[in-house]
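Student: For reference, the structure I am asking about is given below.
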Amino acid sequence: MKFNAPRGTNDILPPDSLKWQYIEQKTHQLFSNYNYQEIRTPIFEYTELFQRGIGEVTDIVEKEMYTFTDKGDRSITLRPEGTASVMRSFMENKIYGQAQPTKFYYLGPMFRYERPQSGRFRQFHQLGVEALGSNDPALDAEIISLGLRLLQDFGLNDLTLHLNSVGCSECRPAYVEKLKNYLLAHRAELCENCQQRIERNPLRVLDCKNEACQEVIAEAPKITENLCSDCADHFSDVKKYLELVEIDYFVNPLLVRGLDYYTNTAFEIKDNALGAQDTVFGGGRYNGLAEEIGGRSLPGIGFALGIERLLLSLEAKDIELPIPAGVDLYITVIGEKAKRKAFKLLDQLRNNGFRTEIDYLGRSVGSQMKSADRMQAEFTIILGEDELNKDSATIRNMKTGTEIEIKLSNLLTEMKQLVDKEDL
């Protein structure tokens, strides 16, 4: 029987896995500079956490979650996003007793039953940040700045920041009612999905990409014109802090994000080269999430970035990540005696930081040299009976084909110079 990876999943193979490692390493470094610390939460949680945290009438909860009953008759769900789990962990472990704000970041797989397409998978990978314990609009600007900085570090600069405020529990209900009445008046012009959303979750209509719905949405009441004074002031301050660090933004009053826990600031970063699926990452503030999942009141803000989507952006811009192309050295051996000497040398070279490989198939010298070429080795170290008799090795520059002889006692020192300078 032949087995394939399940639909919507994929294997990450070399050399692509090196790109993933590079992204993860850059993420660890940059987020640490901003004083964010890594948190690792379970891949699965009790289903109710996501029902209450994300919202029972969201597409994620209604259609996309991977949910099953375990052997203890408990409803379990593979995490579709990271924020609810981070907030649960914060509450469960009583981290609110520490100095605030608490800054976390995470990397890992998420799961949603979606139609697989470019940049969208059923198992996908996110990196994200969460800052808990402060409602300061400057923190909103920091979060946005951090996300932009990460993308810029990878060479992405043709980006647009879409910014909005979705209000709070004081002002949003009145706006939702106004929006609902407007949509009911135009119900016949909306698609079937949006007609159903009017009663259940009218804000979701603003997300619809249907052309007819877009015409209706364009004239809909704007939430930015219906904010309470506190939300309006908060939004104004966020924009001022972004301007202080010279971050351009586009106020998009239709931006509401796909999760019910968002309050106040909502944002998305769009890559102008990606077309329809142009959102690289998004996030916002979620000041009511902690109470929604049974905790004390706690403000929070964060973002999540899809690594697959990031790689698509890099590919669209022909941006090559600086990953090692192959090995530094390949040891070619002639005879069993030379192989024993080479194996000890292999260990020494690796312990000194050289990416080194050797033949394990007993192939001819010519085949070994072809293997070294396929691995893009910079240099080949040739060991045979002649070299052993002279206690030396022949070093071949694989780019130029030139060769020199080096004493084995000096090999480590000489190779450090050669690999750095390539002066053969």
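Student: Using R₀ = 60 Å, calculate the FRET efficiency as 1/(1 + (r/R₀)^6) where r is the Cβ-Cβ separation of E64 and V327; round to 0.05.
Tutor: It comes to 0.90.
Student: Let me ask something else about it. With both partners inside the range 327-416, how many of the DSSP beta bridges are antiparallel, as a percent to the nearest 5?
Tutor: 55 percent
Student: On alpha-carbon atoms, Rg over Rh for the range 327-416 using Kirkwood Rh?
Tutor: Taking Rg over the Kirkwood Rh, I get 0.91.
Student: Counting alpha carbon pairs within less than 8 Å and at least 6 residues apart, what relative contact order, in whole percent, applies to the range 327-416?
Tutor: Result for the range 327-416 is 30 percent.
Student: For the charge dipole of the chain, defined by +1 on Lys and Arg C-beta atoms and -1 on Asp and Glu C-beta atoms about the Cα centroid, which residue among M369, L179, L139 has the Cα displaced farthest towards the positive pole?
Tutor: Going by the charge dipole, the pick is M369.
Student: Name the residue, out of A266, A220, A342, whose mean-square fluctuation peaks in a Gaussian network model built on the chain with Cα pairs under 10 Å.
Tutor: The residue with the greatest mean-square fluctuation here is A342.
Student: Something else: Give, in nm to one decimal, the length gained when the segment between Y360 and E199 is fully stretched (0.36 nm per residue of separation minus the Cα-Cα distance).
Tutor: Using 0.36 nm per residue and subtracting the Cα-Cα distance, I get 51.2 nm.
Student: Continuing with the same structure: For Y249, what is the net charge nearby, where nearby means another residue's Cβ is under 10 Å from its Cβ and Lys, Arg count +1, Asp, Glu -1?
Tutor: Net charge in that neighbourhood comes out at -1.
Student: Compute the label zone of N272 within the range 217-250: residues whose backbone N is under 15 Å from the point 7 Å along Cα-to-Cβ.
Tutor: Residues passing the 15 Å test: 248-250.
Student: Also: So which chymotrypsin sites (Phe, Trp or Tyr not before Pro) in the range 344-424 pass both tests, a DSSP loop state and at most 15 other Cβ atoms within 10 Å of the Cβ?
Tutor: The qualifying sites are Y360.
Student: Cα extents of the chain along the three principal axes, largest first, in whole Å?
Tutor: Sorted largest first, the three principal extents are 92, 57, 46 Å.
Student: Connecting C-alpha atoms closer than 10 Å in a GNM of the chain, tell me which of E38, E81, E92 has the biggest fluctuation.
Tutor: Result: E92 has the largest fluctuation of those listed.
Student: Please express the shape of the range 11-81 as an equivalent ellipsoid: the semi-axes are the square roots of 5 times the eigenvalues of the C-alpha gyration tensor, given largest first in whole angstrom.
Tutor: 31, 17, 13
Student: OK, next. I want the local charge near D233. Using Cβ-Cβ distances under 12 Å, sum +1 for each Lys or Arg and -1 for each Asp or Glu among the other residues.
Tutor: Result for the local shell: 0.
Student: Bin by bin, in steps of 10 Å, what percent of the Cα pairs in the range 138-253 do you find, going until the bin that has the longest distance?
Tutor: 13, 35, 29, 21, 3
Student: May I pose another question? Which links in K63/K103; K344/K407; K178/K270; K344/K370; K63/K209; K19/K337 stretch past 27 Å when you go from one Cα to the other?
Tutor: The answer is K63/K103; K178/K270; K19/K337.
Student: Report the trypsin sites (Lys or Arg not before Pro) located in the range 320-418 that are in a DSSP loop and have at most 15 other Cβ atoms inside 10 Å of their Cβ, or state none.
Tutor: R363, K390, K399
Student: Taking the Cβ of A266 as the centre, find all other residues whose Cβ is under 14 Å away and add up their charges (Lys, Arg: +1; Asp, Glu: -1).
Tutor: Net local charge, A266 excluded: +3.
Student: Given 0.36 nm per residue, what is the gain on full extension from D16 to Q98 after removing their alpha carbon distance, in nm?
Tutor: 25.5 nm
Student: A further question on this structure: Can you list the lysines whose alpha carbon sits under 19 Å from that of K71, skipping same-chain ones fewer than 8 residues off?
Tutor: Answer for K71, where 19 Å is the Cα cut-off: none of the lysines qualify.
Student: To continue, here is another question. Treat each spin label as a single point 7 Å out from the Cα along the C-beta direction, and report the M375 to L244 distance in nm.
Tutor: 5.4 nm
Student: OK, next. Take the Cα of A232, step 7 Å along the line toward its Cβ, and report every residue of the range 159-203 whose backbone nitrogen sits under 19 Å from that point.
Tutor: Label zone hits: 164-179.
Student: Along its principal axes, what span do the Cα atoms of the range 80-153 show, with the longest given first and each in whole Å?
Tutor: 42, 33, 17
Student: Quick one: among D260, D328, D140, which has the greatest mean-square fluctuation in a GNM of the chain with alpha-carbon springs under 10 angstrom?
Tutor: D328
Every number in this text was worked out from the coordinates using simple rules, so none of it is lab data. Bear in mind that the values here come from a model prediction, so they are computed numbers and not experimental data. A quick note on method: Cβ atoms are made from the backbone with ideal geometry, for glycine too, and the neighbour counts reach across all protein chains shown.
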